[in-house]
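What follows is a short report on a single structure.
Computed from the coordinates by the stated procedures, all read-outs in this text should not be read as laboratory data. Keep in mind that this is a model prediction, so the values were computed, not measured. Glycine also receives a Cβ, built like all others from the backbone with ideal geometry; neighbour counts cover every protein chain displayed.
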């Protein structure tokens, strides 16, 4: 869907279970295709067991550290979890999502996402098994 100022696309990502999936280049390509010089990019992930986040994108160890932090901070199989209908990762995956992001917005400057030098955009899967995740991308073109 497009009009003069708004652009819209949904991208589907197949995850491989827990971990971060880089999506920066896919979104950057859309911004280039839409020929947005100045504007805003809005990202929304409509899932309760995955999130969208910004993370350091140069050193892979940074992502590993973030993933390990979530594993240690919100482990599976805690005896106090009540929400375990879909398995031992059910409650922890929902808790992880509440502590991360379902949406982010990024300015578009000079035809590019206004990310910092080392920032990347990641879909963060919190479930053990693979899932198909929909990332909703909306962009407003100012110029």
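Look at segment 104-130: where a residue is in contact (Cβ under 8 Å) with a residue 12 or more places away in the chain and on the phi > 0 side of the Ramachandran plot and a partner is in a loop (DSSP other than H, G, I, E, B) and loosely packed, with under 15 Cβ neighbours inside 10 Å, sitting 6+ places away or on another chain with Cβ atoms under 9 Å, you get 110/37; 110/38; 111/35; 111/37; 111/38. Please indicate, with yes or no, whether at least one residue in segment 19-31 is farther than 23 Å from residue 95 by Cβ and exposed (fewer than 12 other Cβ atoms within 10 Å of the Cβ). Yes: segment 19-31 contains one or more residues that are farther than 23 Å from residue 95 by Cβ and exposed (fewer than 12 other Cβ atoms within 10 Å of the Cβ). Note on segment 26-143: enclosed strands (runs of 3 or more DSSP E) holding 3 or more residues that are closer than 17 Å to residue 16 by Cα are 50-56, 119-125, 132-141. Against the list (1) without any contact (Cβ under 8 Å) to a residue 60 or more places away in the chain; (2) more than 22 Å from residue 13 (Cβ to Cβ); (3) surrounded by 15 or more Cβ atoms within 10 Å (Cβ to Cβ), the condition residue 96 fails is (2). Within segment 6-18, no residue satisfies the criterion of being loosely packed, with under 13 Cβ neighbours inside 10 Å, within 12 Å of the chain's Cα centre (by Cα) and over 12 Å from residue 131 (Cα atoms).
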